[in-house]
1. Express the relative contact order of the chain as a whole percentage, based on alpha carbon pairs under 8 Å and six or more residues apart in sequence.
2. So, for segment 6-188, what is the accessible surface per residue at a probe of 1.4 Å, expressed in square angstrom?
3. Whole Å is fine, so just give me how far the alpha carbon centre of segment 1-68 lies from that of segment 72-140.
4. Can you give the FRET efficiency to the nearest 0.05 for Asp67 and Glu28, using r as the Cβ-Cβ distance and R₀ = 22 Å?
5. Can you return the aspartates and glutamates within cross-link range of Lys53? Criterion is Cα-Cα under 16 Å, with same-chain partners fewer than 8 residues away left out.
6. Compute, for Leu63, the solvent-accessible surface of its heavy atoms (probe 1.4 Å) with the complete set of protein chains present, and express it in square angstrom to the nearest 10.
7. Cα-Cα pairs above 24 Å in the chain: how many percent?
8. Please report the carbon-and-sulfur percent of the accessible area for the chain; probe 1.4 Å, protein heavy atoms only, DNA, RNA and ligands left out.
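The values are calculated or read from the model by the stated rules, or taken from the named source; none is laboratory data. Quick caveat, the model's predicted, so the values are computed rather than measured. Neighbour counts run over all protein chains shown; Cβ positions are idealised from the backbone, glycine included. What goes into the accessible areas is simple: the full protein's heavy atoms, side chains included, and nothing from ligands, DNA or RNA. Shrake-Rupley method; radii C 1.70, N 1.55, O 1.52, S 1.80 Å.
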Amino acid sequence: MVEPMVRLILLGPPGAGKGTQAARLSTELAIPHVSTGVILRDAAAEGTKLGLKAKEIMDAGRLVSDDIMLGIIRDRLAHTDCADGFILDGFPRTIPQAEALDRLLAEVDAPPVVLANLELGEDELRQRIETRRSADQRSDDSEDTMLRRFQVYQEQTRPLLDYYGERVAAIEGRGSIDDVYRRLSTALREMTSKEPTG
Ligand code: AMP
């Protein structure tokens, strides 16, 4: 049986587990995990001009400009490895990014993207970020930056749920990594089997 092509946008607040779930799905489905946060952190580690500028913005818990992000995502999705599907994690994060992504995806002849939102209450999100802080040493997981990131999420990213409306599958983000993964894969199977192929 030929598996349907998966082009997934994974939404959710900071700390909901998008990165963990996307990485696992990416291995399972053999399609790239495109994380804009990882792309920016790699650029920062390499010390490129863009990376250093992005690091300042990330450490302040703010968003890198839509123009820069669009350039990054346009280049990344044009790679041949994205031709058979991808998982987007951390993009789009604003309505203009979503509108631009719609235009970009309309340029290629492929099945529509599917969307899933990892849902988790604020207390659990804080808990997860606390845990990640000690494990990953991400410089944008400090208390102040975390608060700012939640605020930015509420103001600029959460409205995407209204933008995409009923197309978004709500995934309960509580429980173990395995629990969430099971829910996400089930939802994904349902969504991709409903989508027209071609
Ligand atoms: P993440 O790893 O997805 O939590 O992203 C870490 C940081 O990278 C964010 O807090 C932003 O500063 C920046 N970033 C990642 N993706 C985007 C995006 N799509 N638009 C703007 N900034 C982004």
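1. Relative contact order here is 34 percent.
2. Heavy-atom accessible area per residue stands at 50 Å².
3. Between the Cα centres of segment 1-68 and segment 72-140 lies a distance of 6 Å.
4. After rounding to 0.05, the efficiency reads 0.05.
5. Of all the aspartates and glutamates, those that pass the test against Lys53 - Cα under 16 Å, at least 8 places apart if same chain - are Asp42, Asp66, Asp67, Asp140.
6. Taking all protein chains as shown, Leu63 has close to 50 Å².
7. Distances greater than 24 Å cover 38 percent of the Cα pairs.
8. 50
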